[in-house]
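K.L.:
Take this structure first; my questions come after.
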Amino acid sequence: VGGRGRRRRGPARAVSGPAPVPGWVRVLGPWRASGPAAQRLGLLFVLILVWDLVLLVDGHIPPGWSGAVVWGTVVLYPVLALACALALGQPPPARLLRWRPERLLVAAPAVAVLTVLVVAAQVPRLVRPGVPLSDDVTASTICAARDVLAGRDPYRTGEIACLDRLRAGVGLATPLQRGLLRGRLRYPGPRALRMAARLARRGVRPTAFPTFGYPPLSFVWMLPVARAGHAAWVAWTLAAAAVWLVACGLAAGALWPAVLMLLMLQFGGGSVLGAATQGDGEFFAYALAILSLLWIDRGRWSAVLLAGAVATNPLTWVVVPGYAVLLARLPRRRERVLWFVGALAVAVGPWLLIYRDAGPEILALLRQPAYAYGIGLVAELGAAPAAVLRTVLLAAEGCGVALLALVCARWRRWVAAAPAVAVALFWVSWRSDANYLAQLFPLAVATAVGLHRLRAPSVSAVRSITPPVGA
């Protein structure tokens, strides 16, 4: 047209990022990923395997090796947290990328499908009648949901009354250092727990066990199945986990085989999916926090999802300071803050007005004198006097928060690691349970995908948080 011939097109330019996926059906076909996101996921794959090995060894300690294994676990976790921070750095250290960790993801589709089949084979065992409760959190949220359906105030129900109602053993209870158990340095044994429970049933005050003190959404998620049995609770949370995995796969785009593989590798104890297998409402808190980082490029959705996590379980509150550090580098910060505050007010506000004890009990949950427990630093300092131990751990936790904020605020390359690495502060907390510490790895996977989404050409936040491509 116009006397000009058709211009010849030159060779196609190489595109940074993951290679195209052959399709959702051909999951066992050839699949390769490249670019910064795949490199980060390859590094995280190694760290998750090491963590799973640590949990396996910690649960099967050979005789005579207990002290060495405990110290090894205590020392190794901060090393893994530091490695996660390096993997999420902008850019990751060149020495870590020299051996091309993305090559480890070649088998991701096959491993993901195999893991799904293994999990599917376990579902009948998980939902069969007669499976006992695994922790007091599940019992507390179910009792709270039943109280709401019956028109009672859930924040006035004691833990022993709840366990009796569900015909669960006193061994699931969380004892406190008050009442009959005041002054004990060691975690009380079964006999002491039974004696304290007997006094609690008689109404003797102060009781050695807490009342319900979790945020309101913790029982809202379980309302549809609260009056059913344990099998229905597990089926409900597993169905929600399946929806969550699909959402994670959609958010990951072409990286979905690797992302699903990494998330499914932690299906057992000490994982976000481990809570789903127990019918535990904590799953919803972890899942929402992970989705908020996966969709970090969607400002409103990310803020609303994080607010939902905060309104579900206080274990996710540790993510908020790191998210705020990351937020300082993102555009439209004020809009995100407003959506977060608004969503939190909508989720929590009505329940605080209906149940006047909700606010004080939620705050009391954070201050209650629970026994030191976990595989973190407290595992080696547990023999120290309680007052000294609390002071040491509180000082260490404060220093950790200050150090994290300083490093992430001073050096731009570490900003993206802040939300996930903040979970490592549980390592120096009074209760550093393996379930808490394990959330570092799915949050790190979500952050890696969120960074990949932020680097998309349509997102204006690329220059504000990440260096130019190729830097």
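The values are calculated or read from the model by the stated rules, or taken from the named source; none is laboratory data. What you see is a predicted model, and the numbers here were worked out from it, not measured in a lab. Quick reminder, even Gly has a Cβ in these numbers, built from the backbone with ideal geometry, and neighbours come from all protein chains shown. We work out accessible area using only protein heavy atoms, side chains counted, and drop any ligands, DNA or RNA first. Shrake-Rupley method; radii C 1.70, N 1.55, O 1.52, S 1.80 Å.
K.L.:
Report ³J(HN,Hα) in whole Hz for each residue of region 176-182, in order, from the Karplus equation J = 6.51 cos²θ - 1.76 cosθ + 1.60 where θ = phi - 60°; Gly and Pro get x.
P.N.:
10, 7, 7, x, 4, 9, 5
K.L.:
Could you work out the Rg to Rh ratio of region 171-239, with Rh taken as the Kirkwood radius (inverse of the mean 1/r over all Cα pairs)? Present the calculation step by step, with values, prior to reporting the outcome.
P.N.:
Numbers: Rg = 15.9 Å, Rh = 14.3 Å.
For region 171-239, the value is 1.11.
K.L.:
A follow-up question, please. Relative contact order for region 282-368: what is it in percent, counting Cα pairs under 8 Å that are at least 6 residues apart?
P.N.:
Working: 69 pairs, mean separation 24.7, N = 87.
Averaging sequence separation for qualifying contacts and normalising by length gives 28 percent for region 282-368.
K.L.:
On the first, second and third principal axes, largest extent first, how far apart are the outermost C-alpha atoms of region 258-403 in Å?
P.N.:
47, 44, 36
K.L.:
Could you work out the Rg to Rh ratio of region 206-265, with Rh taken as the Kirkwood radius (inverse of the mean 1/r over all Cα pairs)? Please list the in-between numbers first.
P.N.:
Numbers: Rg = 16.6 Å, Rh = 14.2 Å.
Result for region 206-265 is an Rg/Rh of 1.17.
K.L.:
A further question follows. Take the alpha carbon atoms of region 281-305, find their center, do the same for region 419-449, and report the distance between the two centers in whole angstrom.
P.N.:
That distance is 15 Å.
K.L.:
If N is the number of residues in region 304-387, what value comes out of its Cα radius of gyration divided by 2.2 N^0.38 Å?
P.N.:
Values: Rg = 16.9 Å, N = 84, 2.2 N^0.38 = 11.8 Å.
Its radius of gyration relative to the 2.2 N^0.38 Å reference: 1.43.
K.L.:
Still on this model: From the phi angles alone, apply the Karplus equation (6.51, -1.76, 1.60; θ = phi - 60°) to region 393-399 and give each ³J(HN,Hα) in whole Hz, x where the residue is Gly or Pro.
P.N.:
5, 5, 5, 5, 5, x, 5
K.L.:
Evaluate the charge dipole of region 136-270 about its Cα centre and quote only its size in Debye, nearest 20, assuming +1 on the Cβ of each Lys and Arg and -1 on the Cβ of each Asp and Glu. Intermediate values should be presented prior to the final figure.
P.N.:
Values: 16 positive and 5 negative charges, 193 e Å.
With Lys and Arg at +1 and Asp and Glu at -1, about 920 debye.
K.L.:
Short version: ³J(HN,Hα) in whole Hz for each residue of region 109-117, in order, from phi by Karplus 6.51 cos²θ - 1.76 cosθ + 1.60 (θ = phi - 60°), x for Gly and Pro, what are they?
P.N.:
Coupling constants for region 109-117: x, 5, 5, 4, 5, 4, 5, 4, 5 Hz.
K.L.:
Would you kindly find the accessible area of W295, with a 1.4 Å probe and non-protein molecules such as ligands, DNA and RNA excluded, rounding to the nearest 10 Å²?
P.N.:
Roughly 60 Å² of W295 is accessible to a 1.4 Å probe.
K.L.:
Largest first, please: the extent of the C-alpha atoms of region 90-246 along each principal axis, to the nearest Å.
P.N.:
Result for region 90-246: principal-axis Cα extents of 63, 38, 29 Å.
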